[in-house]
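What follows is a single structure, written as structure tokens, with notes after it.
The values are calculated or read from the model by the stated rules, or taken from the named source; none is laboratory data. Because the structure is predicted, anything quoted here is derived from the model rather than measured. Reconstructed Cβ throughout: ideal geometry from the backbone, glycine too, with neighbour counts over all protein chains shown. Surface accessibility is based on the protein's heavy atoms, side chains included, excluding ligands, DNA and RNA. Shrake-Rupley method; radii C 1.70, N 1.55, O 1.52, S 1.80 Å.
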Amino acid sequence: MKSFYRERDDKANTAITSTMPTRRLFLGMAGAQGIVLPAACAALYDVARPSPAAAAKPAHKPGHKGAIRPDPGLEPAQARIVRDFMHPKLELIRLLHEAAEIEHALMVQYLYAAFSLKPEYEQVRGTGAPNVDDLVGVAVQEMQHLGAVNRLLVDLGAAPHMGRQDFPYEPDLYPFPFHLEPLSRHSLAKYVFTEAPEDALDIGQARSAEDRRFLAELRTVLGGDVRPNHVGTLYGTIIDLVSELQATPNTSRHPDLDAWKVKLEDIKGEGEIDHYHFFRNLFMGRDAGFGQQADIWKLAQADPAYPSYRLPLDPSAYKGHPNEIENPVALGLAWLGNLEYWTTLSLLDIHYREDGDAALDLARAHMLGPLWSMATYLPKLGAGMPFDPLSLGYAPGRTPAERVRFTALLVREAAQVAHALDKHLPGDFPAGQHAETIAALETDLLALLPAGNMHR
């Protein structure tokens with residue numbers, strides 16, 4: 001038996017050694033043709049002679065997505081996203097999935113922070129219109145970015161991607177772990193860093209004493225535990241992949257990629273300019289919504305004038321979750337909030353696959369109606385809107401019609417929970433929204449299907 005294993009190992013070693021010239025030839029041909037090999041593939045072709053550095057490299061931590069590990073520090077550094085696929089379309093779809101998860105996570109983080117604000121800071125919170133002057137407005141713009149990414153996925157022949165990981169969650173493509181947390185100077189420091197252009201945080205590029213003071217305070221609040229990566233790095237790589245895809249054969253089967261590059265540049269610029277300056281002003285306490293309150297972030301958290309409620313970190317409405325909301329009334333309302341959140345995402349998934357705006361209008365109605373009501377009321381109970389992920393996904397139906405029927409079933413579930421919690425609902429909860437949405441899903445949207453208005 002031992003001789004059998006020895007013989008098998010000898011044959012395996014011979015096979016590896018004999019194929020090495022072929023592998024080197026392939027690598028040379030790939031390089032000559034400008035093909036970018038993914039890191040895993042390049043490692044495979046050098047398996048017989050791993051470098052000491054590679055052998056000493058720590059294993060990838062579980063719970064991360066993507067791969068990007070430049071040196072830590074606030075100074076600019078060249079962040080490089082490790083490539084997984086050789087074909088630009090596969091790699092583009094992979095990174096669009098990553099972008100969708102990041103936009104989704106940013107959106108709910110900003111919403112959680114916005115709804116953590118006390119009523120006297122409503123101007124900072126916002127009312128729901130997309131803009132760069134309040135937190136909800138910025139969150140809605142992140143939702144628009146999520147929509148653009150999903151539209152591009154659909155144009156490339158892929159399915160929309162509405163999912164994301166649970167909190168806490170640390171993707172390598174993002175400089176900090178994701179958390180749902182009330183607004184504070186520390187959370188704002190992370191948002192500033194994330195949205196900043198690469199050179200904006202370079203002390204050598206500071207143009208004034210104010211810039212130097214801002215950078216010094218940002219460094220103090222953040223400390224050194226960050227990765228020098230920004231959302232713009234991801235979009236820059238995606239734009240490069242679109243250009244690479246354009247250079248491949250059969251590009252006529254792809255959508256108008258030139259127009260998509262313009263849209264992606266707009267998204268990149270919106271974050272790196274508008275969102276960055278908005279969060280910088282909040283971080284420095286200079287937003288008009290703070291009124292005449294000087295040095296607002298120097299107030300004690302227990303001070304009535306402190307901007308945000310004391311809310312839990314990463315709350316959940318799932319029973320048995322480590323961060324399960326303890327107050328039973330708040331737990332029930334938070335579960336209803338989850339149902340409204342999941343309904344909104346399911347409606348958006350339908351919208352991204354179809355040509356009309358019927359599902360989008362319903363999604364807006366749920367976000368600004370039942371979801372808004374729950375999210376603004378829960379902080380008064382010492383809880384926060386949990387934005388839990390839905391394990392079965394937001395498009396489990398096999399066909400477009402079945403996806404619509406699934407969403408209708410989800411709305412019926414929300415209506416039943418709302419009825420059971422009737423005496424605990426806030427006064428502004430629009431209970432009639434459920435019946436309106438069910439009627440639309442069972443008539444208007446289903447009527448669209450035979451006309452071919454939905455991508456199949």
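Here is a list: His60, His97, His104, His87. Which entry is at pLDDT 85 or above and farther than 30 Å from Ala375 by Cβ? I'd like the intermediate steps shown before the answer.
Numbers: His60 fails: at pLDDT 85 or above; His97 fails: farther than 30 Å from Ala375 by Cβ; His104 fails: farther than 30 Å from Ala375 by Cβ.
Selected residue: His87, the only one of His60, His97, His104, His87 that is at pLDDT 85 or above and farther than 30 Å from Ala375 by Cβ.
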Can you name every residue in the stretch 255-311 that is of a type in the set (S, T, N, Q) and under 30 Å from Ala158 (Cα atoms)?
none
Consider the stretch 429-453. How many of its residues are part of a helix (DSSP H, G or I), modelled with pLDDT under 95 and small (Gly, Ala, Ser)?
4
Selected residue [in contact with a helix residue (DSSP H, G or I) (Cβ under 9 Å, 6 or more places away or on another chain) and in a loop (DSSP other than H, G, I, E, B)] from Gly337, Gly332, Gly320, Gly356
Gly356
So, in the stretch 385-411, of the ones that are surrounded by 20 or more Cβ atoms within 10 Å (Cβ to Cβ) and hydroxyl-bearing (Ser, Thr, Tyr), which residue ends up modelled with the lowest pLDDT?
Tyr394
Assess whether Thr194 counts as being open to solvent by 10 Å² or more (accessible area, probe 1.4 Å), touching a residue at least 60 places away in the same chain (Cβ under 8 Å) and under 14 Å from Ala99 (Cα atoms).
no
Residue satisfying condition, being surrounded by 20 or more Cβ atoms within 10 Å (Cβ to Cβ) and modelled with pLDDT under 95, within set Gly291, Gly232, Gly224, Gly236:
Gly232
Given (1) farther than 30 Å from Ile296 by Cα; (2) in contact (Cβ under 8 Å) with a residue 40 or more places away in the chain; (3) surrounded by fewer than 21 Cβ atoms within 10 Å (Cβ to Cβ), identify the lone condition not met by Val149.
(3)
Could you go through the stretch 322-339 and let me know if any residue there is crowded, with 20+ Cβ neighbours inside 10 Å, under 30 Å from Val154 (Cα atoms) and not polar (S, T, N, Q).
yes
Helices (runs of 4 or more DSSP H) within the stretch 131-225 that include 3 or more residues farther than 15 Å from His275 by Cβ
135-155, 209-222
